[in-house]
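So the structure is just underneath, and the comments pick up after that.
Every read-out reported here was derived from the displayed coordinates using simple, explicitly stated rules and does not represent laboratory data. In this text, all values refer to a predicted model and were calculated from it rather than measured experimentally. A quick note on method: Cβ atoms are made from the backbone with ideal geometry, for glycine too, and the neighbour counts reach across all protein chains shown.
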Amino acid sequence: MTPSPMASNWFRFAAPASFYPIAGRLIPVFWILTGVCLLAGLYWGFFQTPDQLGGSNAQKEYYRIIFIHVPAAWMSMWLYVVMVAWAAIGLVFNTRLSFMMANAIAPTGAIFTFLALWTGSFWGRPSWGTYWDWDPRLTTELILFFMYIGYIALHSAIDDTRRADRAAALLAIVGLVMVPLIFWSVNCPDPNQCAALHQRSNLTQIEGNILFSMLAVTFGFWMYSFATTLMRLRSLILTREADNTWVQELLVKGHRA
Amino acid sequence: MLRVFWCVLLRDLTLALRRRTDVLTTLFFFIIVVSLFPLGVGTERQILQILGPGVVWVAALLASMLALERLFAADYEDGTLEQMVLTAQPLSLLVLAKITAHWLLTGLPLVLIAPLVGMQYHLSDDAILIMMVALLLGTPVLSLIGAIGAALTLGLRGGGILLSLLILPLYIPVLVYGAGAVTASGIDMADTRPYLALLGAFLVAALTFAPLASSAALKISIE
């Protein structure tokens, strides 16, 4: 059976040599999108939104940290899912590039997880009077951070790249059980019974301007993840394919120019 | 199928009982860690009753993790593990047998010693009973999840430290519900049921997936 033209087209980009130049061309596009979305989202968030949030016991200006905190938390979970997806694709199809992709996503994901925790504690101080509380969502997000660190640590502890890729991929897949836990860690039917600081929320109930700038920042963070992941991916490709002729030709060309 | 399971199980048990120190070290590690806490935080009865469940569970986590390194290491060094991977029998079944043996040698003793430790912390009889049930359900989960980490870090330099980094985050749900069950028993015995049910659910899920994941990890590490 001959492979369909569509399939062969897709797998062509799975070769590091053909993906490397494409990634190089895409990176500036993603950086521009990042800048535009972040500027728009932050401008809207600071100047076009109400100056307090909530009803009887309103949160004052400091609630604006939501524009960083929530997008960072969303991205931390989403990037883990994407990382696991690439790791699984790598294990199934045995493509080197997928493992490199998973590998390149991990640091960005870890940074967003840390950012979510960090901004959360800054927000927690004025609103709850504490930097940290053992709220289920905080705890599970902390575990997610440990999962990212574990993935990175296992990968860097194994010298053989092939084994490192596959072992870390398996660990990431096992760790996927944590993501639904974080997602549903606020699913408390009765707020009087389980004292959780994060409550169930509904996007349709958020004020329009707040929602707009939150989504704009989220999109900006997403584009940022693309940009940094592709940059990291390019250097990973160069390091791992250093013995191949195309890399050496590229280096010689770059040296002459 | 079942014969292979028994064969590996008996072999591992026999080997371990010939070198009894390994088994006893884990047990004494557990006892010593648990005994250190009252010396550190004070010996007041009420404080100890509150701390007890958590301390026992954390000590059980650490003890089971320390013993994990030995789960595959000896077989890996002398080549037995490669032969196991090559046999016609499903590897996950052999791994399950090894995990069972590991639990019988490191997990079960902790369950049996629990009443003694409970007395150190002035826990009530009900609390001790619940603690034993919770440990009985929870420690196999620790061995099952831990086997995945042990297989992944097989033969690595500094594997032990790395293993703790990989596995301890995954142990947290067991810790939360295991200690929670004992704490709940202080309020009402009926309140412990959901905790124990969840621990049982963890056990079933781990029994189903962990042997498959560990055997996949072993294949990655050995190839």
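Using C-alpha pairs below 8 Å separated by at least 6 residues, the relative contact order for region B:2-222 is 27 percent. Averaged over the residues of B:161-167, the number of partner chain Cβ atoms lying within 10 Å of the residue Cβ comes to 5. By definition, a body whose alpha carbon gyration tensor gives a ≥ b ≥ c is oblate when a/c is 1.5 or more and a/b is not larger than b/c, and the protein assembly as shown fits this oblate description. If you take the Cα centroid of region B:113-163 and the Cα centroid of region A:68-125, the two points sit 30 Å apart. Peptide A:168-180 has a mean shielding of 4, counted as Cβ atoms of other protein chains within 10 Å of each residue's Cβ. Over all other residues within a Cβ to Cβ distance under 15 Å of A:LEU181, the charged ones net out to -1, with Lys and Arg as +1 and Asp and Glu as -1. When each of the peptides B:94-107, B:41-54 is scored by the mean number of other C-beta atoms lying within 10 Å of its residues, the order from highest to lowest reads B:94-107, B:41-54.
The aspartates and glutamates within cross-link reach of B:LYS219, meaning a Cα-to-Cα straight distance under 12 Å and a gap of 8 or more places when in the same chain, are B:GLU82.
For a quick protection proxy, order the peptides A:62-70, A:174-182 by their average other-Cβ count within 10 Å, most packed first.
A:62-70, A:174-182
Taking every C-alpha pair closer than 8 Å and separated by at least 6 residues, the mean separation divided by the residue count of region B:88-188 gives a relative contact order of 33 percent. Taking a ≥ b ≥ c as the square roots of the eigenvalues of the Cα gyration tensor, an a/c ratio of 1.5 or more together with a/b larger than b/c marks region B:2-222 as prolate. Counted as membrane-span-like here are DSSP H helices of chain B whose alpha-carbon atoms extend 20 Å or more along the helix's own axis and whose Kyte-Doolittle mean is -1.0 or above; these are B:2-18, B:20-41, B:45-68, B:91-120, B:125-152, B:159-185, B:192-222.
Applying the criteria of a DSSP loop state and at most 15 other Cβ atoms within 10 Å to the chymotrypsin sites (Phe, Trp or Tyr not before Pro) of region A:132-178 yields A:TRP132, A:TRP134.
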